[in-house]
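Asker: Could you have a look at this structure, given as structure tokens, before my questions?
Rule-based calculations on the coordinates, nothing more; no lab input. Because the structure is predicted, anything quoted here is derived from the model rather than measured. Using ideal geometry, Cβ is built from the backbone for each residue, glycine included, and neighbour counts are taken over all protein chains shown.
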Amino acid sequence: MARKRRGEQGGDTAPRRRRRPLRAVLVVLLALVVVAVGLYWLRDTKLTPEGCTVKTASGEGTLEIPQAANAATIAAVAHSRGLPDRAVTISLATAMQESKIRNLAGGDRDSVGLFQQRPSQGWGTVEQIMDPVYATNKFLDGLVKVPGYTRLPLTDAAQQVQKSGYPQAYAKHETKATLLASALTGREAGALNCVVHDFAAPEPEPDDTAPTAIGSPAAPAAAAPLPDRVQVLSDRVRREFGRTVTPAAGYTSTVKGAEQAVSLTPDPAASTDAGPDAERQNGWEVAHWAVTQAQQLGIETIAYDGKVWRKSKSEGGWKPQPTGTSTKLVLVSLAPVGKS
């Protein structure tokens, strides 16, 4: 008589299948949890890092937001002085070599600032040189004294101002400086974009209250007032562009979200470009400047020349905006203080 094989019962020769319903359910639940966590992470994570890009037909480049803001200040100051685009390119290339367009608190020996200017060599005090507007003006003061600087090789023009120990170092930055200048002078419309996720924390206004008299009970500490963003923007525009751009608060627009707005009106007569596109070019210079300053100044929206930039959608850059824009002014809307 044949022996029954293990697993056989009577005449039933089919192998017994082990069922694991609990394990299958756990696997499905774990998969659902992983998917849910992944979707939440994608929703909550900013996939595009903050930073600025310049894209034109001739090339493209990237900068950190503070670098782009400093570069835009350099271009604005040159514009306020009525200097040609070549002066902007030379200034940018010099700052690229000296500081990577960063406002250095310390450089070679006692040099500081965007151009590594030295207090001991008569460039000004440390506090003055650390001001990008002052530092740019001091560099341009020297540049305009160089005979025929617009026709000289860039590195020669820069070296006559800087007196660097590496006189040929500026030449390697000319291509990038030319690309950046084409956007910051407005020659390339909508070519500069900055991705901004969070505004910088506003700096409180200085406390001008008188100190408590000796022997008097100390008054409770009061929170320093936060600045008015419209006023801060207007002051910055006046200081960097001078009279070539006029800020006006209270402008109303059909652009959605522009309740707290400032209109910036460029003066085409201040441009060295007397062509028919001078007004539009000046406007794009101001619009690009505003993009680079958006994080620091709390700018939510910029509208100009049929295009709009929004901080909330800055990953996509400039988008068409058929209403509420013109070539006569640049509309800038600001977030309430405290909004990130």
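Asker: Which FRET efficiency, nearest 0.05, do A249 and R187 yield, Cβ-Cβ r, R0 41 Å?
Answerer: It comes out at approximately 0.90.
Asker: Mind scanning K145/K176; K307/K328; K176/K319 and naming the pairs with a C-alpha gap bigger than 18 Å?
Answerer: Where the Cα-Cα span goes over 18 Å, the pairs concerned are K145/K176; K176/K319.
Asker: Just subtract the alpha-carbon distance of S58 and Y166 from 0.36 nm times their residue separation and send over the number in nm, one decimal.
Answerer: 36.0 nm
Asker: Same structure again: Determine, at each q value in 0.18, 0.23, 0.24 (inverse angstroms), the log₁₀ of I(q)/I(0) that the Debye formula gives when each Cα of segment 60-137 is one equal point scatterer.
Answerer: For the requested q values the scattering log ratios are -0.67, -1.05, -1.12.
Asker: With +1 on each Lys and Arg Cβ and -1 on each Asp and Glu Cβ, and nothing else charged, work out how big the dipole of segment 62-185 is about its Cα centre, in Debye to the nearest 20.
Answerer: Rounded to the nearest 20 debye, it is 220 debye.
Asker: If you don't mind, there's one more thing I want to ask. Under a plain spin-label model, where a point goes 7 Å from the Cα along Cα-to-Cβ, how far apart in nm are T265 and T125?
Answerer: The answer from the label model is 3.7 nm.
Asker: Shifting gears a bit: Could you sort the peptides 326-335, 106-115 by per-residue average Cβ neighbour count (10 Å cutoff), highest mean leading?
Answerer: 326-335, 106-115
Asker: Mean separation of Cα pairs under 8 Å and 6+ residues apart, divided by the residue count of segment 62-185: what relative contact order is that in percent?
Answerer: The normalised contact order for segment 62-185 reaches 28 percent.
Asker: What is the packing order of peptides 186-198, 150-162, 309-321, 285-297, taking the mean over residues of other C-beta atoms within 10 Å and listing the highest first? Please list the in-between numbers first.
Answerer: Values: 186-198: 21.1, 150-162: 18.6, 309-321: 16.8, 285-297: 25.9.
The packing order, highest mean first, is 285-297, 186-198, 150-162, 309-321.
Asker: Also: Which one, H197, Q160, L180, is farthest towards the positive end of the dipole of segment 144-200 when Lys and Arg carry +1 and Asp and Glu -1 on their Cβ?
Answerer: In segment 144-200, that residue is Q160.
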